[in-house]
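For reference, the structure is listed below as C-alpha cells.
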Amino acid sequence: MKLALYLPNFRDKVTVKELEDLTALAEDLDFDSIWTLDRIIVPETSDRAEMQFPFGMMMDFPPGMPVISRGEWFQGMTLIPWLAAKTTKIRIGMSIIDTPYRAPAVLAAELATQDHLSGGRLNVGVGSGWMPEEFAAASATDLFPRRHGHVRETIEIMQGIWTNDLFEYHGEFADFALSGFGHKPIQKPHPPIFFSGLKDPKRSARRIAKYGLSGWIGIQDSPEDIRRWRTEIERELNEMGGTLPENFDMCSMIWFVITDEDIDQTPAGKASNLLAGSARQLEDILKRYKEAGMTMPLLWPPFRDVPTAKTMDDLKRLTEEIMPKVNAG
C-alpha cells in the first residue's frame, strides 16, 4: 500500500510555512504523492448550515462546509507549480480538479507545462464539482446541470492535445479548429488521470473503460465502501468487455490523526472515524483497507484543532511504526 498526503491548503487557517514543512516531510518519508484540494469559495450560508447541498452531495454530512467562510486557505491549483519547485521525487496533483471552472483546452495546456515543471511527476485528478454556489462564483452557473458532460469533454480534449502535434475539437463545451498547444507532457502517452466519482460506479466504470484512466478517488470510504466500488467497477468493465487496468489505483481522501487512546469507531457513514484513532486501531483498519483493494489512502489532516507539528509526528509514526506491520500482513 502506498501513502499520499492530502495537503491541508483548505482549512480555517493555514500558512505557507506549514504547507512547506508538510511537503518536505512527505518527500523525506518517501510518500508516493502529495495532493492539493480545489476549493474556490465557502459560501457565507455554510456557516449557518444553509447550503443547497451537503459536502460532496453526501447526505451523511450537514449542509455546511468544515471550514468557515472567513477562513484563510490557499487555492490548490496555484500551489502545484510551487510544489514542483519544492520537491524532486514525490508525485504531485490536485484532488480533484473541478473541470467546469476551467476552459478544457486552457487546462490541458497548463497541465502539460506543470508536467515539465515537475520533471514528469504530475497526477491529474478530475471531477464534475457539486456546489451550485461555487459554480456561480466561477461564472459557470449554466454548466451545473451539464457538469458530467463537461468532465467527459475535458478528458477527451486533454488526451487529444497531449498526444497530437495538432488537435481540433468540436463539442458542446469547446469548439476550436486544428491548433498547436506547445509542449506535450513529459509523461507518455500523458500524465495519469484519476477520476473522482462519489455516487455512481457505472459512470465511473464507463469513464475508466473509455479513457483508460489510472485511478479512482473517493472520500471517507470505509473498507466495505472500497470493496463495493472496486467490485462494481470491475463488474461494469467486464460487462463492457474490459478489465480493470494493471496498476489501477483505488484511493480515498480520509481524515487522519493518531490518538493516545482508542476512540469510538462505530460506523457513522461518511462521518465515521476511519483513520482517526489509536495506532492499534489504524493498523487494523489499514489492513482491512489493503484486503479490500485500496492501494493508496490520501491522508487528510484535520481541518482545525490539530497543530501541524502533531500531524507531522503522526505521519512519522504511521510510516515508521504502523505501515511496516500493515505491509507485512
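A compact table of results
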| quantity | calculated |
| --- | --- |
| Close pairs (6 angstrom Cβ cut-off, 6 or more residues apart or separate chains): closer than 10 Å to W162 by Cα in the stretch 176-202, open to solvent by 40 Å² or more (accessible area, probe 1.4 Å) and of a type in the set (S, T, N, Q) anywhere | P189/T163 |
| Residue count for the stretch 264-288, restricted to those that are surrounded by 13 or more Cβ atoms within 10 Å (Cβ to Cβ), closer than 26 Å to P62 by Cα and in contact (Cβ under 8 Å) with a residue 60 or more places away in the chain | 3 |
| Residue within the stretch 79-101 that is of a type in the set (D, E), within 22 Å of P302 (Cβ to Cβ) and not in a helix (DSSP H, G or I) present | no |
| Any hit, the stretch 286-308, residues being modelled with pLDDT of 95 or more, within 22 Å of the chain's Cα centre (by Cα) and over 27 Å from W229 (Cα atoms) | yes |
| One residue from D47, D28, D32 being open to solvent by less than 50 Å² (accessible area, probe 1.4 Å) and either modelled with pLDDT of 95 or more or in contact with a Cys (Cβ under 7 Å, 6 or more places away or on another chain) (or both) | D32 |
| Options T15, T99, T88; residue that is open to solvent by less than 40 Å² (accessible area, probe 1.4 Å) and modelled with pLDDT of 95 or more | T99 |
| Members of the stretch 197-211 found to be of a type outside the set (A, V, I, L, M) and farther than 15 Å from M158 by Cβ, listed by number | G197, K199, D200, P201, K202, R203, S204, R206 |
| Residue among H148, H170, H190 that is open to solvent by 10 Å² or more (accessible area, probe 1.4 Å) and closer than 22 Å to M131 by Cα | H148 |
| Verdict on N247 being over 18 Å from the mean Cα position of the chain (by Cα) and either at negative phi or not acidic (D, E) (or both) | no |
| Some residue of the stretch 32-40 being free of Cβ contacts under 8 Å to residues at least 60 places away in the same chain, under 20 Å from D314 (Cβ atoms), touching a strand residue (DSSP E or B) at 6+ places or on another chain (Cβ under 8 Å) and assigned to a loop (DSSP other than H, G, I, E, B) | yes |
| Single residue of the stretch 135-145 satisfying the filter (in contact with a helix residue (DSSP H, G or I) (Cβ under 8 Å, 6 or more places away or on another chain) and assigned to a helix (DSSP H, G or I)) that is surrounded by the fewest Cβ atoms within 10 Å (Cβ to Cβ) | T141 |
| Residues of the stretch 203-255 satisfying the condition of being open to solvent by 50 Å² or more (accessible area, probe 1.4 Å) and in contact (Cβ under 8 Å) with a residue 40 or more places away in the chain | R203, E224, R227, R230, W255 |
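The values are calculated or read from the model by the stated rules, or taken from the named source; none is laboratory data. Fair warning: this is a prediction, and the values are worked out from it, not measured in the lab. Neighbour counts are summed over all protein chains in view; Cβ atoms, including those assigned to glycine, are modelled from backbone coordinates with ideal geometry. Note: areas computed on protein heavy atoms with side chains; ligands, DNA, RNA excluded. Shrake-Rupley method; radii C 1.70, N 1.55, O 1.52, S 1.80 Å.
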